[in-house]
Structures are given as C-alpha cells and as structure tokens.
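The values are calculated or read from the model by the stated rules, or taken from the named source; none is laboratory data. Given the structure is predicted, the values throughout are model-derived calculations rather than measurements. Note that we place each Cβ from the backbone using ideal geometry, even for glycine, and neighbour counts take in every protein chain shown. Note: areas computed on protein heavy atoms with side chains; ligands, DNA, RNA excluded. Shrake-Rupley method; radii C 1.70, N 1.55, O 1.52, S 1.80 Å.
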Amino acid sequence: MFVKGQRTGFGSNRVCSATIAILALAVTACGGDSGAPTPTPTPAPSPTPSPSPTPTPSPTPIPLAQRVTAATATAQSTTNACGPIEPFYWEVGDKSARLASGSVQSGGGAPVYTAASVMSIASASKWIYAAYIVQRRQGRLTDDDIKFLTFRSGYTNFSNCLPGQTVDECVAYQQNGVHSDFTDGKFSYGGGHMEKHASVNGLGALDNAGLAAEIQSQLGADIKLAYSQPQLAGGIYMSADAYGVFLRKILSGSLLMNAALGTDAVCTNPTTCPAGEAVNTPIPTSESYHYSIGHWVEDDPVNGDGAFDSAGAFGFYPWIDASKTWYGVIARKDDNETGNGFHSAQCGQLIRKAWISGASQ
C-alpha cells in the first residue's frame, strides 16, 4: 500500500529528471555551456532578377478606309499595270461581304463593266468545276481526281465544244477524247482533262442547262451561272457579283474548296521544272507558278505572294490571298488579251498588295 507522501515524492522526482534532461538538451543546442549568445546568421543576398523582355507590340490594324483608299488609287492609276487594261471592274472583300469596288473607264465609248456585267469567264470556270468535285466528294478526292484536276491525265488534244452538244458529244468531237501517252503524268494546261473527267463521272449526258443545274446542286443556287457550251474548263458566263459569292463561300468554309486550296500542287513551267514534269503553260515562262486543284498558286520565287487564282483567257481574274482572308475579282472581256489573263493578273496583284498593306501601288 502506498502512502500519500510517497506518491507525491515519486511524481516530483520524475518532473525534476525531465526538467534536467530538457536543460541539458538546451545547453547542447546552444553550442555547449559557454553561455555566449549565438549570433544571428546574415541571410545571403537575393539575386537581382533579370529584367522582363519588352513585349513586341501587336501591329496596328490597318483601318478599312485606308485599305479602300489604297486599292482604289491603285486600280485607277494610269501609270501602273492597271492602266493598260482599262476598262474593267474590280472588287475586294472578305468572307462576309464585298468591301470595296469600282468601275474604271478608259473613255472613247468603251464598255462600262460593273458588278452585274455578265461575260465569258473562260478559264475561271476551272475553279468552279474543281470546287464542285471537291464538294461532291466531301473533300476526299481520289488519285484519279487529283491527276485530272492538276492537268496530268494525258487528255491534251482538246479544241472546243459546240454550243448544242452534251459533255459526251464534246468528248467525241474531233480529237477531244484522244489520250496522249507522251503527256500522261506531265502538267499540260488545257480543257480536255476536265471534259474527260466530267464524262467518266456521270455528267456525260448533260447539256448547257443540265451542267449549270448540276454544278449549282453542289455549290448553291445563289451562285448564278450559265454555260455557253458544255465545256467544264471554260464554258461559263457569269458576273463578278456571282463569282464574288463563290469566293466568299470558299473563304467562309461553307465550300470545302477552302481546305483544298494549294493542295497537291504541281510544277508548271517547262523551263524550270525538273525534266518531264511539265509540257506547256499559258503563263509567261518568266513566272513559275504551281497548279493545284483547278487553280493556280502564285508562288513564283521572285514575284509571288502565294495567292490562289483562276485567271481566264479574256481577262477575268478572281483571286484569294495566301492567308485565306481576302478575295478579289477583276472583270473584263478583251478578245486580244494574251497569257491567259496575265495582264489582268498583274493589275490584280497590285490591288491585292495595296489592300493588304494599306499603301497604293
């Protein structure tokens, strides 16, 4: 039996022992029993932070009014490439709307071209047929499609169609459907590729009216067009206004040609392409473009800006810029035009540059 005093003494001894142990640890932690105060360590200086890089300011957007002024001055100039092609109509826009336009006249009773003027667009038809095929295939072209639409099919004996013919009748006319082993696999600009392609892809029985309806079934009835002959590569009559609708639908992505722009492009200049890749081109050989799905890529290493176009023989020149932001049209019909609309293209390139830079050319 424990007595009360013994129980208290036992507890006191335990407290003292614990206290002594704590004091001993404290003395040890202080560096022994010298009693000298422990100096406070001096913290290392913080490194001086590197200065933040000066942010690159975003380029100041070019006001629309400045673009319009620059493009208009360029189109109306008589001292640049636009002067010699008067009269003509021009316009520039984006995916939503026409943003600037004008009719440039040369006087002397010359025709007045406007957005509503209907004319032969010649080879500008090629872009429309190619867009029709891309839409019909839902963007998934076959190898044969690509070969025909980049003009390497070997059907290079084409002359023309007669107005009342069907597509099949045109293919059978003269030498239009004769295949050339020599040109097969090589770029050779001409209408036979698209004519034969249409014939073997279910369009053979169609005449002018039937072709227009079929093209619109894929591209939309809002693209107003008509055929003067059943020639897919060059038979369309339409206005700049209607072609502008087509280009806006490409820019907006409602037509799948947006993703096809510039794809599967082939070398076209016989004087600069690797041997055996190109036979003939309508573009002066001072310029080296590539050819994509029914349209040109303006990627000449010296003068090109990467735009896409489908210039026509009489001077109708539609384009989309390399960034797929802007489109433009030059509309004119000149039976004496040479180089497949090359002169219209030279003017259109200046208008495009003026629009994008905001500075007249």
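A few remarks follow.
- Value of relative contact order over the range 129-255, rounded to a whole percent, pairs C-alpha under 8 Å and six or more apart: 27
- Size descriptor, Kirkwood hydrodynamic radius, that averages inverse alpha-carbon separations across the range 216-287, Å: 14.9
- Portion, in percent, of the accessible area of the range 232-361 that falls on carbon or sulfur, probe 1.4 Å: 51
- Mean Cβ count within 10 Å, highest first, over the residues of peptides 282-288, 131-137: 131-137, 282-288
- Ala73 versus Ser228: modelled label distance in nm, points set 7 Å from Cα along the beta carbon direction: 3.8
- Per residue, the average separation of C-alpha pairs within less than 8 Å and at least 6 apart gives the range 62-112 a relative contact order of 28 percent.
- For the range 231-361, the per residue solvent-accessible surface stands at 33 Å², with DNA, RNA and ligands left out and a 1.4 Å probe.
- For Ala278, distant residues with modelled amide H under 5 Å away: Phe187
- The HN-Hα couplings worked out from phi for the range 93-103 by the Karplus form 6.51 cos²θ - 1.76 cosθ + 1.60 (θ = phi - 60°) are x, 10, 5, 9, 6, 6, 10, 7, 6, x, 9 Hz, whole numbers, x standing for Gly and Pro.
- Length gained when the stretch Ala97-Thr271 is fully extended (0.36 nm per residue, less Cα-Cα span): 58.6 nm
- Percentage relative contact order, the range 126-198, counting C-alpha pairs under 8 Å, at least six apart: 38
- Note on Thr263 and Thr285: their simple-model spin labels are 3.3 nm apart, each label 7 Å out from Cα toward Cβ.
- Label reach from Ser159 (point 7 Å along Cα→C-beta): in the range 169-186, amide nitrogens under 14 Å belong to 170-178.
- Modelled label positions at Ser254 and Asn336, each set 7 Å beyond Cα in the direction of Cβ, lie 4.1 nm from each other.
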